[in-house]
Amino acid sequence: MQRFDLQAEGLRALNAALQAQADQTNETAWEVTNPRGAHAIAAGLDAPIAVTVQGSAGYYCAGMNQQATVHVDGNAGPGVAENMMSGTVIVEGDASQYAGASGHGGLLVVRGNASSRCGISMKGIDIVVQGNVGHMSAFMAQKGALVVCGDAGDALGDSIYEARLYVRGSVKSLGADCVEKEMRAEHHAQLAELLRRAGIDADPGQFRRYGSARRLYHFDIDNAY
């Protein structure tokens, strides 16, 4: 275990050390103490390492993550896991606005609640929120899945493309072109797997699925293949 005191050694030194790790590194486990809400902790990682942040993080924690597993033992500020490509990011507390924004891949898990615009412009990332999400979540979501075990705020899935949204609780309102859809066997299977990966014990049968009505497309969907 590599231990790094962020207050004593500084953010630039931490990220430089983490970003220097290669695929074959033997320094695979890192613990960051005294984060004190610092911004951009563990950003830009590209190695199969595990980083535990002992406390809350500020803006853009684990942004642009590839391969790494980043575990925040606290809350996360705006843009956690922003533009994530692969790997796993787990937030034990709450996440502020636009969690997982523009994420292309990987898994983001929020044990608490996520604020507004969770999953905005998601492009392949999977996001599982154990609590509630705020307004405009999955706005312009293009690909991937957003799982909400609690409730969703106003304008869920506004201007959505082809992402899949699963909500167990209530939805305050749906955004433009977002509609409730049938839960088929493939959706139950996908949802069950996402809940398993997130370590959440919930019945997929209690969720409803939402997605694009495809009325905002500039082409005829019958011609797509």
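The values are calculated or read from the model by the stated rules, or taken from the named source; none is laboratory data. Bear in mind that the values here come from a model prediction, so they are computed numbers and not experimental data. FYI the Cβ positions are ideal-geometry reconstructions off the backbone, even for glycines, and counts take in every protein chain you see.
Give Ala176, Ala101, Ala138 a once-over and let me know the one that is assigned to a loop (DSSP other than H, G, I, E, B), aliphatic (A, V, I, L, M), more than 28 Å from Val32 (Cβ to Cβ) and within 12 Å of the chain's Cα centre (by Cα).
Just one listed residue meets the conditions, Ala138.
Output the qualifying pairs, or none if there are none: Cβ atoms under 9 angstrom, residues six or more apart or on different chains, first residue in the stretch 1-23 and aromatic (Phe, Trp, Tyr), second residue at pLDDT 95 or above and assigned to a helix (DSSP H, G or I).
Pairs that qualify, where the first residue is aromatic (Phe, Trp, Tyr) and the partner is at pLDDT 95 or above and assigned to a helix (DSSP H, G or I), are Phe4/Ala13; Phe4/Leu14; Phe4/Ala17; Phe4/Leu18.
Quick one: count up the residues across the stretch 135-177 that are in contact (Cβ under 8 Å) with a residue 40 or more places away in the chain and more than 21 Å from Asn113 (Cα to Cα).
5
Among strands (runs of 3 or more DSSP E) lying entirely in the stretch 1-55, which contain 1 or more residues that are within 14 Å of Thr69 (Cα to Cα) and modelled with pLDDT of 95 or more?
Qualifying strands (runs of 3 or more DSSP E): 29-33, 50-53.
Using the structure shown, decide if Gly175 is closer than 20 Å to Ile120 by Cβ, buried (at least 17 other Cβ atoms within 10 Å of the Cβ) and either of a type in the set (Asp, Glu) or touching a Gly at 6+ places or on another chain (Cβ under 6 Å) (or both).
Here the answer is yes, as Gly175 does meet what is asked.
Among the residues of the stretch 95-116, are any in contact (Cβ under 8 Å) with a residue 60 or more places away in the chain and either over 23 Å from Gly153 (Cβ atoms) or not aromatic (Phe, Trp, Tyr) (or both)?
The answer is yes; a qualifying residue exists.
Based on what the data block shows, is Ser137 surrounded by 20 or more Cβ atoms within 10 Å (Cβ to Cβ), in contact with a Leu (Cβ under 8 Å, 6 or more places away or on another chain) and polar (S, T, N, Q)?
yes
For the stretch 37-58: of the residues being hydrophobic (A, V, I, L, M, F, W, C) and out of contact with any Gly (no Cβ under 9 Å at 6 or more places or on another chain), which is surrounded by the most Cβ atoms within 10 Å (Cβ to Cβ)?
Per the stated criteria, the residue is Val51.
Kindly indicate whether Glu27 is among the acidic types (Asp, Glu) and under 15 Å from the mean Cα position of the chain (by Cα).
no
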